[in-house]
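Enquirer: Sharing a structure below in structure tokens format, with a few things to ask.
Values in this text are rule-based calculations from the coordinates and carry no lab data. What you are looking at is a predicted structure, and each value in this text was computed from that prediction instead of being measured. Backbone-built Cβ (ideal geometry, glycine too); neighbour counts: all protein chains shown.
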Number of protein chains: 2
Amino acid sequence: MTKLVVKCLAVSLDGYAAGPDQSLENPLGVRGPELMEWFFHTRMWRSMQGGDGGETGIDDGIAQQGFAGIGAWIIGRNMFGPVRGPWPDESWKGWWGEEPPYHVPVFVLTHHPREPLVMKGGTVFHFVTDGIESAVKQATSAANGKDVRIGGGVATVRQLLSTSRIDEMHLAVGPVLLGRGEHLFQGLDMHALGYRCDKVVPGERATHMFLRRGA
Amino acid sequence: MTKLVVKCLAVSLDGYAAGPDQSLENPLGVRGPELMEWFFHTRMWRSMQGGDGGETGIDDGIAQQGFAGIGAWIIGRNMFGPVRGPWPDESWKGWWGEEPPYHVPVFVLTHHPREPLVMKGGTVFHFVTDGIESAVKQATSAANGKDVRIGGGVATVRQLLSTSRIDEMHLAVGPVLLGRGEHLFQGLDMHALGYRCDKVVPGERATHMFLRRGA
């Protein structure tokens, strides 16, 4: 059965999953990239950049696992790009170049309709204007029995957590204090929502926490 | 030079350092003891209870370290006991029996004066009514070059963090989602206050995070 999963969501020690003041120059918010340090060192990340090298090990293995068995993605509009309001034209095609790392359908939440965008390597961006539940339905259907990965951003993850829609969540907690930004859990009673932690795996540069609904 | 230190402060994955609704029956708040699971299994804890056994290992070693080099403690009144308002008599002598595990002076923050309380084994409870800075001053003097450990509760730790008074802080993050309770960092910009994480140590039942001011 298709599960809704969050993988490799980087969180600071003080609970922020993105820095403040997201912009074209700071797509992860100010100091957001510090959260991703663990990921930037992996062989997985290097290969996503079309390069060689990078570290193998626990962090890398978990990063690889994050892409395994995923049949579709859902991402918020800010994760797709910095464009706000109606699409001025078709020129923005995501942050990832001609061949994005998804290789499956990706459902982008937006208020502004746009034709599907077919990229190299199997990624197709679908723009969903009728709400997150519709995106879940479409992505689940497209996933064809595999899992649907919620790519973020934080608001999208929080919205789905608030109704206990996410089945599994992997957090990569880094040795960073952000102090400001988008807090992952504030105002969400994760215990009452049915979530439990069932595994903690120390990696080279992050502590991996695995949560599960109803565990 | 004497440092103000926090040791072995147990925190949930979602950032709570105590459960809600503290009372005589629930001195750590509802579900608070789940935060302390890592500690309850240590040989250190067992020996504090006057017993044998318990696990040795990383968690135990870090728990032992928490008592090393400490010349005085500061604790909030709720950590001393459930009594509220003026002391009705001298009968409440703390949660710890005749011989508390401190063995040094302990400064208790309270609005209500009381004579110092001399216990077995070197622990003396001093009741400080003129504010936290006075307690810091008295404890620093009593520590005689050793460190002053801030024993809690959460409100006391937060008050000292908010003015960057704490030099070092060790958090034991457990695989628990509390959902409600006393949040450690909410509303505190730990980065702006000058704190950095300089070490993460995976233990058997908790992940130990070491923060330092100005690191």
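Enquirer: Please compute, for peptide B:6-12, the average count of beta-carbon atoms on other protein chains lying within 10 Å of each residue's beta-carbon.
Expert: Mean number of neighbouring Cβ atoms from other chains: 1.
Enquirer: Taking amide H positions as placed in the peptide plane 1.01 Å from N, state which residues far from B:Ile74 in sequence (5 or more) or on other chains have amide H under 5 Å from it.
Expert: Hits under the 5 Å cutoff: B:Phe107, B:Arg149, B:Ile150, B:Gly151.
Enquirer: Sorted from fewest to most neighbouring beta carbons within 10 Å, what does the list A:Ser12, A:Ser141 look like?
Expert: A:Ser141, A:Ser12
Enquirer: Using the Cα centre of region B:128-203 as the reference point, and only Cβ charges (+1 on K/R, -1 on D/E), how large is the resulting charge dipole? Debye, rounded to the nearest 20. Don't skip to the end; give the middle numbers.
Expert: Values: 8 positive and 8 negative charges, 25 e Å.
Here region B:128-203 has a charge dipole of around 120 debye.
Enquirer: Put the label 7 Å from Cα along Cα→Cβ for A:Gly81; what are its distances to the other copies, in nanometres, shortest first?
Expert: With the label placed 7 Å along Cα→Cβ, A:Gly81 yields 6.8 nm.
Enquirer: Here's another thing I want to ask about it. Please express the shape of chain B as an equivalent ellipsoid: the semi-axes are the square roots of 5 times the eigenvalues of the C-alpha gyration tensor, given largest first in whole angstrom.
Expert: Numbers: eigenvalues 119, 85, 68 Å².
Largest first, chain B gives 24, 21, 18 Å.
Enquirer: Let me understand the protein assembly as shown better: what is its radius of gyration from the alpha carbons, and its Dmax, in angstrom?
Expert: Rg then Dmax for the protein assembly as shown, in Å: 24.7, 79.
Enquirer: Continuing with the same structure: Please figure out what share of the DSSP beta bridges in region A:84-208 is antiparallel and state it in percent, rounded to the nearest 5.
Expert: So the antiparallel bridges amount to about 55 percent of the total.
Enquirer: How big is the antiparallel share of DSSP beta bridges in chain A, given as a percent to the nearest 5?
Expert: On the way: 17 of 38 bridges.
Once the DSSP bridges in chain A are tallied, antiparallel ones form about 45 percent.
Enquirer: Let me ask something else. Placing the label point 7 Å from Cα along the Cα-to-Cβ direction, what are the distances from B:Ser134 to the equivalent spots in the other copies, shortest first, in nm to one decimal?
Expert: Ordered by distance, the counterparts are at 6.5 nm.
Enquirer: While we're here: Given a cut-off of under 8 Å on Cα pairs at least six residues apart, what relative contact order in percent is computed for chain A?
Expert: 31
Enquirer: To continue, here is another question. Which residue fluctuates most in the GNM of chain A (Cα springs below 10 Å): A:Ser47, A:Ser134, A:Ser91?
Expert: Among A:Ser47, A:Ser134, A:Ser91, the largest mean-square fluctuation in the Gaussian network model of chain A belongs to A:Ser91.
Enquirer: Compare A:Pro27, A:Pro86, A:Pro202 in a GNM of chain A, Cα atoms joined below 10 Å, and give the one with the largest fluctuation.
Expert: A:Pro86
Enquirer: Any idea what the dipole of region A:158-200 comes to, in debye rounded to 20, about its Cα centre with Lys/Arg Cβ at +1 and Asp/Glu Cβ at -1?
Expert: My answer is approximately 80 debye.
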